[in-house]
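The values are calculated or read from the model by the stated rules, or taken from the named source; none is laboratory data. Just so it is clear, the model here is predicted, and its values are computed rather than measured. Cβ placement follows ideal geometry from the backbone for every residue including glycine, while neighbour counts extend to all protein chains displayed. For accessibility, only protein heavy atoms count, side chains too; no ligands or nucleic acids. Shrake-Rupley method; radii C 1.70, N 1.55, O 1.52, S 1.80 Å.
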Amino acid sequence: MSLIVGPLAPQLTSPQDLSIAALKAHLADQKERISAAFSAGIRIDYILGARALVVDRVLDALWTEAGLDETALGLFAVGGYGRGELHPESDVDILILGDQSVVASSAAQITRFTTRLWDLHIQIGHAVRTFDECQRLAKDDLTVATSLIECRPIVAKPGLLKRLEDIAFDDRNWTSAEFFGAKVSEQAARYAKHDDSDNRLEPDVKHAPGGLRDLHTIIWVTRRHFRTTRLITLVDEGLLTEAEFHLLDEAEDFLKRVRFCLHEVAGRAQNRLLFDYQGEVAWRMGYQDEDPKARIERCMKRFYRMTVRLGEFNDMLLQHFRETVMSDPDAETVSPLNARWQVRGRRLELVHANGFNRTPSALLEAFVILASHPTIEGLRASTTRQMYTARHLIDDDFRNDIRNISLFMELLRYPEKLPEQLRRMRLFGILSRYIPEFGRIMGLMQHDLFHIYTVDAHTLQLIRNITRFYRQADAERFPLASDLTPRLPKIELLYLAALFHDIAKGRGGDHSELGADDAYVFCRHHRLPEYDARLVSWLVNNHLLMSMTAQRKDLSDPEELAHFAEIVGDERRLNYLYCLTVADITATNPELWTSWRASLLRQLYFSTLDILKRGLDQLPGRAAYIEETKIDALALIRPSQRTDAASFWAQWSTEYFVSHSSDELAWHLEALLGQTLPVIALAPAQIEVDQSSTQVLISTPNRAHLFADLAACLSDLGLSILDARLHTSLTGNSLDVFIVQHALTGVAITAPDEQAMLLQSLAAAAIGQYKDSGGERRMPRTLKYFNMPASVTITQDLSGQKSLVEVIAPDRSGLLTVIGRVFAEFGLDLYSAKIATLGERVEDVFYVTDERGERLYDADFTRRLKARLEAELNAHTGALVAC
């Protein structure tokens, strides 16, 4: 394999002075020339080949200096370096090879040679092996076998290369078919590690599906079978057309340039395109918009499209190898399916070469057949190629054809195979043509702090989650969703809602409302009954309703529950909405699905179900609800305490009783009756809302800054506040209940020493004697790359008795302390807090009144409170506020 450097050849020189200082200067000079050539737009293959050639010449000189040129050893480049693809910070992998006696007698020279390389700070990866060792390792280790087939001699006599190639291509180690099968399995394992998704917002340029490793797999298989690394060979062998080769070449060039830039920007062998680097990489790639967000979006959208393209070719070429190179076409059985389709060797194949032109509906029929015939493994490569060239047939006439409308709806009724087929349709460009709105969200980034996928990838993850619920594949983790999903009367309606729930993102306006309109039009166009179309549209429009209610509203308040139940309307909608909500949360970011969030959604589901079954007009009034709760609580405490319960309860407003269950009221009585304040108590195990959290009660004379001090104490202990319910009695005492868990591990506080520390610290905080650590608080990495100022909205609650302060801000330790200090400064009483952390973003809701116990009426006061909160939060988080 010779290196390709093109027009860079005259600029590359060999080192003359082999002192360390001179060699470092030489490498720096050559690196600067190559970087300038990259900026000038020189083809990336020449850039990477030039870097490999520069290193070759230095290694050659040092090899001679060490006296190794006089031995019978050979020096070979392996890995990416062996292919002539040396990125700025990639390892320089080399193999020193010879017979056992020569290797042993040359040990001193080898040590001198490798030491000089380390002195130069070249990131060397080297192996010293005999031919016998190579033979043995090549047979047992796929990685070694792969590295040997792309070895390139740097300094080696022709006989050494011949002996090494004999080992590399020895069928006794790996036949072409065995090697092919092993590389395909290796790729499948790599895909699984990346959740089979190529569209994470911080993608791995090298290893993710559609990344450069997909290209390497094609190269390795080609090299092993045809003994060449030139992809143009695939054209000569009839595996690619010239037009396809140029499309593949364009994708390869783009991804290699991105990786080159990424190495230069990161200053290390970095393959994951983190938010930290995306702006600078985009600039170096030529996306130089003034708006950094627009620059990144344009660059990343092209990146994602190139990964899809590379994934397409990887899929088609590996299948082509399987059919034409690795198997005997004459030995494959052919089974007719209908006039258009047949199965050849467990793969679906068009009967006629121009079958799609004859019957365009076959473009959708193919995926229905794959979904309905589990034994068919996929499409023949020839059919895939025909599909690429025929997809332009999907136009308005195609979309209006009743046959295609019927086929698409039929596909949605195969939940077991639907995710796989929709992924294929996306990969082959069919889905974006059949649903043009879907094409607009392909590769669309989501600039927030909790999504980890592009919009299209998130949508397909959501659909996969629904199928997992349907199959009850993860029933232990999602028991309710796994129970409800298979019992939905029309599963296709849930899939349609999933397809359209985010389809209007990036257009401006409310994406839920716009998507609901699109969904309704699509459903009616696809002949769904009016009721079904309205249900899908309602689900899209309200796909955030259940999660927002669970996270922001008081689920023990019957009025809040009645309001939610009134919006939902019936049990059928509730079931669909719950399944969609859980699938959406887990597809957004698996880390968002905590046991606490699961318990909130379950509580909301069953409370609403109870209301809907009884009927909205049969709900008891608030007074009746409170009386019922008190009676149940009295039954749970000791008879001796019941006489004092009435006088204790007389201190509290009705808000206290609707905020807690009967067993919680009983716990409060047992903890507080006859006790001197302050009292700090942990909830008994039987009333814990969730196994992963701990309830703690703090009762003390109320004072300004109490909430801020308690929040600071919990933050310093490394605890997250999931929920807070805060009450002040007529006598001026507070009764505050916090639900907390370990911030890092998401588990309850169960160890006796941790519980003792918690109680001791809160006791000091309750009386104002706790000192905030004031230590340096680490900013999460991703927060630095989002221009996300804090946002505060102040509205009224349903009862009109309290004001709601909603805070959306980047998540930082101590945030609640800042909010509590501002509330104290403005003389506000805090009644309850709903704390929701979504990735690196918080969405918290606080129920407050003024010092007279009334909601906030004064518009000027409200405006000043909002401005003060936003200013303090932005100063605390370091958010960049746009002028």
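How are the C-alpha pair distances of the range 353-401 spread across 5 Å bins, as whole percents from the shortest bin up?
5, 20, 30, 23, 15, 6, 1
Hey, with R₀ at 56 Å, roughly what FRET efficiency would Glu416 and Glu165 work out to, going by the Cβ-Cβ distance, to 0.05?
Working: r = 47 Å, r/R0 = 0.84.
Computed FRET efficiency for Glu416 and Glu165 comes out at 0.75.
If ligands, DNA and RNA are left out, what is the accessible area of Ser647 with a 1.4 Å probe, given in Å² to the nearest 10?
80 Å²
To the nearest 10 degrees, how steep is helix 381-390 against the longest Cα principal axis of the chain, on a 0 to 90 scale?
Value to nearest ten degrees: 70.
When only alpha-carbon atoms are used, what values of Rg and Dmax, in angstrom, describe the range 142-185?
Cα radius of gyration and Dmax of the range 142-185 are 11.5, 36 Å respectively.
Got a sec to turn the phi values of the range 560-565 into Karplus ³J(HN,Hα) couplings, 6.51 cos²θ - 1.76 cosθ + 1.60 with θ = phi - 60°, whole Hz, x for Gly and Pro?
Values, residue by residue: 5, 5, 5, 5, 5, 4 Hz.
For the range 669-732 and the range 554-625, what is the separation of their Cα centres, given in Å?
Taking the Cα centre of each part, the range 669-732 and the range 554-625 sit 26 Å apart.
Separation between the Asp289 and Lys24 pseudo-spin-labels, each 7 Å from Cα along Cα→Cβ, expressed in nm?
Inter-label distance under the simple model: 4.2 nm.
Could you give the angle, 0 to 90 degrees to the nearest 10, between helix 491-500's Cα long axis and the longest principal axis of the Cα atoms of the chain?
80 degrees
Which of the residue pairs Lys630/Lys771; Lys630/Lys802; Lys293/Lys490; Lys157/Lys206 have a Cα-Cα distance greater than 31 Å in the structure shown? Could the numbers behind the result be given before it?
On the way: Lys630/Lys771 38 Å; Lys630/Lys802 24 Å; Lys293/Lys490 41 Å; Lys157/Lys206 34 Å.
As for pairs spanning more than 31 Å Cα to Cα, those are Lys630/Lys771; Lys293/Lys490; Lys157/Lys206.
Tell me the accessible surface of Leu370 in square angstrom (1.4 angstrom probe, heavy atoms of protein chains only), to the nearest ten.
Per-residue accessible area (Leu370): approximately 0 Å².
If DNA, RNA and ligands are ignored and the probe is 1.4 Å, what is the ranking of Leu600, Leu247 by accessible area, most exposed first?
Details: Leu600 15, Leu247 75 Å².
Per-residue accessible area, sorted high to low, gives Leu247, Leu600.
So, R0 is 45 Å and r is the distance between the beta-carbons of Leu759 and Glu186; what FRET efficiency does that work out to, to 0.05? Before the final figure, lay out the partial values.
On the way: r = 54 Å, r/R0 = 1.19.
The computed FRET efficiency comes out at 0.25.
Which aspartates and glutamates, if any, have their Cα less than 18 Å from the Cα of Lys866, not counting same-chain residues under 8 positions apart?
Asp797, Glu806, Glu825, Asp829, Glu843, Asp844, Asp850, Glu851, Glu854, Asp858
May I have the pair-distance distribution P(r) for the range 107-163, computed from all Cα-Cα distances with 10 Å bins from 0 and rounded to whole percent?
Using 10 Å bins, I get a P(r) of 18, 44, 35, 3 for the range 107-163.
When you take every Cα atom in the range 797-858, what is the radius of gyration, and what is Dmax, the widest Cα pair distance, in Å?
12.2, 37
For Leu722, list long-range residues whose amide hydrogen, built 1.01 Å from N in the peptide plane, is under 5 Å from its own amide hydrogen.
Distant-sequence amide H within range of Leu722: Ile739, Val740, Gln741.
In vacuum, with every alpha carbon of the range 108-225 counted as one equal point scatterer, what does the Debye formula give for log10 I(q)/I(0) at q = 0.15, 0.18, 0.21 Å⁻¹? Two decimals, please.
-0.84, -1.03, -1.15
Which whole-number value in Å³ per residue fits the convex hull of the alpha carbons of the chain? Write out the running numbers ahead of the final one.
Working: hull volume 180.9 nm³, N = 883.
For the chain, the hull spanned by Cα atoms encloses 205 Å³ per residue.
How far is helix 571-588 tilted off the main Cα axis of the chain, in degrees rounded to 10, range 0 to 90?
50 degrees
Using DSSP to call loops (not H, G, I, E or B), can you name the GluC sites (Glu not before Pro) in the range 443-526 whose Cβ has at most 16 other Cβ atoms within 10 angstrom?
Glu476
How much of the accessible area of the chain, probe 1.4 Å, is carbon plus sulfur, in whole percent? Could the numbers behind the result be given before it?
Numbers: 18010 of 36270 Å².
Carbon-and-sulfur percentage of accessible area, whole number: 50.
Lysines near Lys162 by alpha-carbon distance under 29 Å, same-chain residues fewer than 8 away left out - which ones?
Those lysines meeting the cut-off are Lys139, Lys183.
Could you calculate the contour length gain from Asp401 to Glu89, that is, 0.36 nm times the residue separation minus the distance between their Cα atoms, to one decimal place in nm? Walk me through the numbers on the way to the answer.
Details: separation 312, 0.36 × 312 = 112.32 nm, distance 5.41 nm.
Full extension from Asp401 to Glu89 adds 106.9 nm.
Residue by residue through the range 524-537, which ³J(HN,Hα) values in whole Hz follow from phi under the Karplus form 6.51 cos²θ - 1.76 cosθ + 1.60 (θ = phi - 60°), with glycine and proline marked x?
Per-residue couplings from phi come out as 5, 4, 8, 6, 6, x, 4, 4, 5, 4, 5, 5, 4, 4 Hz.
Contour minus end-to-end for Thr333 and Met409, with contour as 0.36 nm per residue of separation and end-to-end as the Cα-Cα distance? Could the numbers behind the result be given before it?
Values: separation 76, 0.36 × 76 = 27.36 nm, distance 3.13 nm.
The Thr333-Met409 span can extend by a further 24.2 nm.
Once phi is turned into θ = phi - 60°, what whole-Hz ³J(HN,Hα) does the Karplus curve with 6.51, -1.76 and 1.60 give for every residue of the range 802-815, x standing for Gly and Pro?
Result, ordered by residue: 10, 9, 9, 10, 9, 10, 10, 7, x, 6, 9, 4, x, 4 Hz.
Distance between Cα centroids, the range 189-261 to the range 818-835: provide it in whole Å.
Cα centres, the range 189-261 to the range 818-835: 55 Å.
Rank Lys866, Lys834 by accessible area, highest first, at a 1.4 Å probe radius? Write out the running numbers ahead of the final one.
Details: Lys866 75, Lys834 10 Å².
Order by accessible area, largest first: Lys866, Lys834.
In the range 54-82, which residues have a backbone nitrogen under 17 Å from the label point lying 7 Å from Ser105's Cα in the Cα-to-Cβ direction?
Those under the cut-off are 67-74.
Once every DSSP H run of n ≥ 4 in the chain is given -39500 (n - 2.57) and the sum is divided by its residues, what mean residue ellipticity at 222 nm do you get, rounded to the nearest 500 deg cm²/dmol?
Using -39500 (n - 2.57) per qualifying helix, the result is -16500 deg cm²/dmol.
What distance in nm separates the simple spin-label points at Arg33 and Lys613, each placed 7 Å from Cα in the Cβ direction?
For the pair Arg33/Lys613, the computed spacing is 8.1 nm.
What figure in square angstrom, to the nearest 10, would you give for the accessible area of Thr111 with a 1.4 Å probe?
80 Å²
Can you give the FRET efficiency for Lys301 and Val235, using 1/(1 + (r/R0)^6), R0 = 22 Å, r = Cβ-Cβ distance, to the nearest 0.05? List each step's numbers first, then the result.
On the way: r = 29 Å, r/R0 = 1.32.
For R0 = 22 Å, the calculated efficiency reads 0.15.
Keeping all protein chains in place, calculate the accessible area per residue for the range 148-251 (probe 1.4 angstrom), answer in Å².
Numbers: 4200 Å² over 104 residues.
I get 40 Å² per residue for this part.
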